[in-house]
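The values are calculated or read from the model by the stated rules, or taken from the named source; none is laboratory data. Please read these numbers as outputs of a predicted model, since none were measured by experiment. Cβ placement follows ideal geometry from the backbone for every residue including glycine, while neighbour counts extend to all protein chains displayed.
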Amino acid sequence: MKLTLEIWRQKDANDKGHFETYELDNVRSHMSFLEMLDVLNQELIEKGEEPVAFDHDCREAICGTCGFVINGVAHGHMKRNTVCQLHMRTFNDGDHLVLEPWRAKAFPLVRDLIVDRSAFERIQRAGGYISARTGSAPDANSILIPKEQAEAALDFAECIGCGACVASCPNGAAMLFVGARIAHLGFLPQGQPERVERAKAMVAAMEQEGFGACTNYTSCEATCPKGVSIVGIAKMNKDYFNAKLFSGGNLGGKE
Amino acid sequence: MDKAVGFYESTLGKKVVMAVTGIILFLYLVGHMLGNLQIFLDPAQIDKYAHMLHASAAFLWSVRLVLLFCLGVHILAAFQVWWRSRTARPVKYKVFNPPDVDYAAKTMVWSGPIIAAFITYHLLHLTVGMDSLHPDYVHLGAYNNVVAGFQQTPVAIAYIVALLLLAFHLYHGLWSLFQTMGWDHPKFGPWRRPLAVLLTAVIAAGFISVPVAVMTGVLQLVGG
């Protein structure tokens, strides 16, 4: 099949950037979206032009490295998917596709479709951890966790940090990412010691990075490749509320 | 105090403040609507109600000041949150179709200012009774003030349109405040939106019934 691709080209953060249009023939239906771009890049290299830069690693929808916006939707039109597992058989011959990078102040552009997502790393480092005793490995199941809680924690742990939530939020907010991290550890007994400080530190780091605020649009949940639920945002709000207003001091023991 | 200030500095804190003031304003709307519906009883009833509300200036003005304060804080927090989000995406998308964004959520940012303008107009029209807006206004003559006011068709239509907009604003606000306050649980989480639809429909129907009743002649002016 034949495609018209309108792709954002930008040399580096200082370049202004522009759209470039490419016509691509011989797109096979079994190709993934990234393989289709590989074909385009091969053609560009043979013509002596700069190939289109995009992030990718596992190409199995589990690492969270790839991702850009296709016709206004992060990771494209298929639900619970990343661009590497988006297949050309879901497109039609003659489609016109506009490819843009994640656009957010907190994700500065590196080149073409690649943005710098280290803001997520800094938020994670601020509080997305637990303290554990080092030494020999503890016995399995030495800390019991109710099944429902373990499952909920794992659902939020599914977040791969791709940044689609920020990209598809009309406000450029990172609430789903931060909510997922806070909910993941908040459901587990191991996450309790740092729970109060985690909420304060991760929210503060998020705001410092310049992400937007939440309007409860829910488009983050709709485009999340892992289907992370906005329940995590409610958990984050509650933890933050409690941490900021009702934490510290004597918890009810003796004076 | 330090804690409260630190809390408000974050967008999460601002949203909680918006939610709490929103709840207070919503509760006031429920009372206001129930008060209005007395117009369908004996015409003297709502005038009596108006006199009752005005019996104590201290009570009247305390309620008014609380409402004005809530409204002011609600608007200030909304503006600050909106401004922050506006700056979070300096380079816009050429094509942007975020899925699942409903009409009510998308229009919060301008339904708010329009409702604020409507409240100003409504206060001048039926509370102050400005001559240029309502020539037949009689202080505390609530029944005839309302009927004469809505007998001007453009006025009645403006009220209905503004109230529909308020309904959209309420729908998004009512379900979304649960999320903002962290009130979620598998048992009631899925019911938050239907509950918001129900409450909004009741409020909107209650308010809109009055101008509609005047336009259709169900409510007529009374003499004396």
Quick check on my filter: what residues within the stretch B:153-167 are under 15 Å from B:PRO135 (Cβ atoms) and buried (at least 16 other Cβ atoms within 10 Å of the Cβ)?
B:VAL155
From the list A:PHE68, A:PHE107, which residue is within 14 Å of chain B (Cβ to nearest Cβ) and touching a His at 6+ places or on another chain (Cβ under 9 Å)?
A:PHE68
Determine which member of the set A:ALA13, A:ALA53 is part of a loop (DSSP other than H, G, I, E, B), modelled with pLDDT of 95 or more and not assigned by TED's automatic domain parsing to the domain that holds A:SER219.
A:ALA53
Condition met for B:MET33 (facing chain A (nearest Cβ under 8 Å), in a helix (DSSP H, G or I), touching a residue at least 24 places away in the same chain (Cβ under 8 Å) and under 24 Å from the mean Cα position of the chain (by Cα)):
no
Working only within the stretch A:16-35, note down all residues that are outside any strand (DSSP E or B) and of a type outside the set (Asp, Glu).
A:LYS16, A:GLY17, A:ASN26, A:VAL27, A:ARG28, A:SER29, A:HIS30, A:MET31, A:PHE33, A:LEU34
The correct count of residues that are surrounded by 24 or more Cβ atoms within 10 Å (Cβ to Cβ), over 9 Å from the mean Cα position of the chain (by Cα) and on the phi < 0 side of the Ramachandran plot in the stretch A:162-180 is 8
I'd like to verify a number: residues in the stretch A:210-228 that are more than 8 Å from every other protein chain (Cβ to nearest Cβ), more than 19 Å from B:LYS106 (Cα to Cα) and either surrounded by 23 or more Cβ atoms within 10 Å (Cβ to Cβ) or over 14 Å from the mean Cα position of the chain (by Cα) (or both), how many?
3
Report yes if B:LYS92 is surrounded by 12 or more Cβ atoms within 10 Å (Cβ to Cβ) and basic (Lys, Arg), otherwise no.
no
In the stretch A:130-161, residues that are surrounded by 12 or more Cβ atoms within 10 Å (Cβ to Cβ) and not charged (D, E, K, R) total 12
Could you list all residues from the stretch B:106-160 that are among the charged types (D, E, K, R) and farther than 29 Å from B:GLY223 by Cα?
B:LYS106
Of all residues in the stretch A:67-98, count the ones that are within 18 Å of the chain's Cα centre (by Cα) and assigned to a strand (DSSP E or B).
4
Every residue in the stretch A:47-96 that is on the phi > 0 side of the Ramachandran plot and either buried (at least 22 other Cβ atoms within 10 Å of the Cβ) or charged (D, E, K, R) (or both), please.
A:ARG59, A:GLY67, A:HIS75, A:GLY76, A:ARG80
Does at least one position in the stretch B:145-156 carry a residue that is under 21 Å from B:LEU29 (Cα atoms), in contact with a His (Cβ under 6 Å, 6 or more places away or on another chain) and away from chain A (no Cβ under 14 Å)?
yes
Looking only at the stretch B:127-140, count how many residues are hydrophobic (A, V, I, L, M, F, W, C) and touching a helix residue (DSSP H, G or I) at 6+ places or on another chain (Cβ under 6 Å).
3
Could you identify the single residue in B:ILE203, B:ILE114, B:ILE160, B:ILE119 that is farther than 21 Å from B:ASN36 by Cα, more than 14 Å from chain A (Cβ to nearest Cβ) and either in contact (Cβ under 8 Å) with a residue 12 or more places away in the chain or aromatic (Phe, Trp, Tyr) (or both)?
B:ILE114
In this structure, is B:ALA50 part of a helix (DSSP H, G or I) and at the interface with another protein chain (Cβ under 9 Å from one of its Cβ atoms)?
no
Check every one of the helices (runs of 4 or more DSSP H) wholly within the stretch A:146-255 and list those with 1 or more residues that are over 19 Å from B:PHE7 (Cβ atoms) and among the hydroxyl-bearing types (Ser, Thr, Tyr).
A:164-168, A:219-223
Might you check whether a residue that is within 18 Å of the chain's Cα centre (by Cα) and either more than 23 Å from B:VAL17 (Cα to Cα) or more than 10 Å from every other protein chain (Cβ to nearest Cβ) (or both) occurs anywhere in the stretch A:245-255?
no
In the stretch A:97-149, which residues are under 23 Å from B:PHE96 (Cα atoms) and of a type in the set (Lys, Arg)?
A:ARG103, A:LYS105, A:ARG111, A:ARG117
Residue ID - farthest from A:ALA13 (Cα to Cα), chosen from residues in the stretch A:114-132 that are part of a helix (DSSP H, G or I) and in contact with a helix residue (DSSP H, G or I) (Cβ under 9 Å, 6 or more places away or on another chain)
A:GLY127
Within the stretch A:3-13, is even one residue under 23 Å from A:THR223 (Cα atoms), in contact (Cβ under 8 Å) with a residue 24 or more places away in the chain, within 14 Å of chain B (Cβ to nearest Cβ) and of a type in the set (D, E, K, R)?
yes
Only one of A:LEU44, A:LEU40 is away from chain B (no Cβ under 14 Å) and surrounded by 18 or more Cβ atoms within 10 Å (Cβ to Cβ), namely A:LEU40
